[in-house]
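Visitor: Can you read through this structure? Questions will come right after.
The values are calculated or read from the model by the stated rules, or taken from the named source; none is laboratory data. As the structure is a prediction and not an experimental result, all values here were calculated from the model. Here the Cβ positions follow ideal geometry from the backbone for every residue, glycine too, while neighbour counts run over all protein chains shown. When the accessible area is computed, the model is the full protein with side chains, heavy atoms only, and any ligands, DNA or RNA have been set aside. Shrake-Rupley method; radii C 1.70, N 1.55, O 1.52, S 1.80 Å.
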Amino acid sequence: MDTIFALATARGKAGVAIVRISGASAPSAAAALCGKLPEVRGVRTLRNADGAALDEALVLNFDEGKSFTGEPVVEFQVHGSLAVIDAVTGALSKLEGLRMAEPGEFTRRALENDRLDLAQVEGLADLIEAETEVQRAQAYRVLSGELGTKAEAWRKALVRAVALLEATIDFVDEDVPVDVSPEVLELIDGVLASLEREKAGVGIAERIREGFEVAIVGPPNVGKSTLLNALAGREAAITSEVAGTTRDVIEVRMDLGGLPVTVLDTAGLREAEDKIEEIGIRRALERARGADLRVFLTAGDGADLGLDPVTDDIVVSGKADLGVNGFGVSGLTGYGVGELVGRIQKALENRASNAGTAIRARHASAISRACDGLVAARTQISFGAERSELAAEELWSAIRALDSLVGRVDVENVLDEIFASFCLGK
């Protein structure tokens, strides 16, 4: 396998930049620039093939099996100027047997060398992309191996169930229980219940990864755009006394108590007066129906908006600076905005609390296949001992589904998509 190198930190001016080398030839390649390698770490002068000094670097030496990739790895911590980075990577590129790493190749080698499972790789990708505290915490749980630990426990229980069934098939004359179905069913039911709980949390976990959508809906000229601007802290939407100013959906991304939230300002809902407004209203209704939460800003006249609040949706009077009974907000003065933000945050936090460790559609698919296998195995067991062989096969199908969850099988078809999101140094 080739020895690879790449800049592991962001390109640009910084106090320190890290250049990473990984592969069997990493120690000799690094020594070509810094001379004798330190046993673990040490400061060395890096020089090019002509002997010209490039920089003073802290050199870190990782033995095989003790690095991120599992291979011999050497890291140069150099001064973070573009000139130094280019000089060091340029000198490495001229060494025989070295090449620039492809995006995600360091992490791919960590997977291939059993330093990470596939779910941990996905967690690392999410951690790199995390923008809010809740996203960071969720990604770190997966990176730390929590999902893999659960998958291993599920697998262990199902292998035990298979062993009991196969004992009755292959060793019928031996001293084995006559009826193993009670223990097998107990194992199946325990794993199935755990999988169902995990699957139920995938949707919310995906929303944490991608961001919740909160739509502000209501009739024209009720203060929706002004409220959006107040939430955003800037002029994100055009405001006017003329009804129907907003013709398209305007989006503002924000961090709400650690949750990633996109707030949507939609066109005023009423009978359209022209084709353009009609398109805007249709889009507003589509986005509002698909949003995770809706804030109904009302004028207090009971107008039919063609859309009714559902559980957790928030109904509030707009333009509270002009006077209002009950809960109201004014984007113009800020009145009630803090309380509204608190209500939105509480509603979304309640949903986020139901997130599981499985965080992607791929995870949900694998868990669903495992559940299907367990239900089928249970059905076969209900027909009696003569169906034990079929029940065992269904359990093996569930085990294979769980193996795909962490990348033991069926891994190649998802790797390219996953690693496409990584930078060169990862």
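Visitor: Find all pairs meeting these conditions: Cβ atoms under 6 angstrom apart; at least six residues apart or on different chains; first residue within the range 145-158 and open to solvent by 10 Å² or more (accessible area, probe 1.4 Å); second residue assigned to a helix (DSSP H, G or I) and hydrophobic (A, V, I, L, M, F, W, C).
Guide: G148/A119; G148/V406; W154/V191; W154/L402; R155/I399; R155/L402; A157/L187; A157/V191
Visitor: Taking the range 131-144 as the search range and keeping residues that are among the hydroxyl-bearing types (S, T, Y) and closer than 25 Å to E71 by Cβ, which one is surrounded by the most Cβ atoms within 10 Å (Cβ to Cβ)?
Guide: Selected residue: Y140.
Visitor: Also, quick follow-up: Tally up the residues in the range 109-130 that are among the charged types (D, E, K, R), over 19 Å from T9 (Cβ atoms) and open to solvent by 60 Å² or more (accessible area, probe 1.4 Å), please.
Guide: Of the residues in the range 109-130, 3 are among the charged types (D, E, K, R), over 19 Å from T9 (Cβ atoms) and open to solvent by 60 Å² or more (accessible area, probe 1.4 Å).
Visitor: What number of residues within the range 325-374 are over 15 Å from R209 (Cα atoms), open to solvent by less than 50 Å² (accessible area, probe 1.4 Å) and aliphatic (A, V, I, L, M)?
Guide: Total meeting the criteria: 10.
Visitor: Right, something else. Report yes if I216 is outside any loop (DSSP other than H, G, I, E, B), at pLDDT below 65 and either within 30 Å of E131 (Cβ to Cβ) or open to solvent by 20 Å² or more (accessible area, probe 1.4 Å) (or both), otherwise no.
Guide: Criteria not met by I216.
Visitor: A further question on this structure: Select, from D55, D2, the only residue that is among the charged types (D, E, K, R) and more than 28 Å from Q120 (Cβ to Cβ).
Guide: D55
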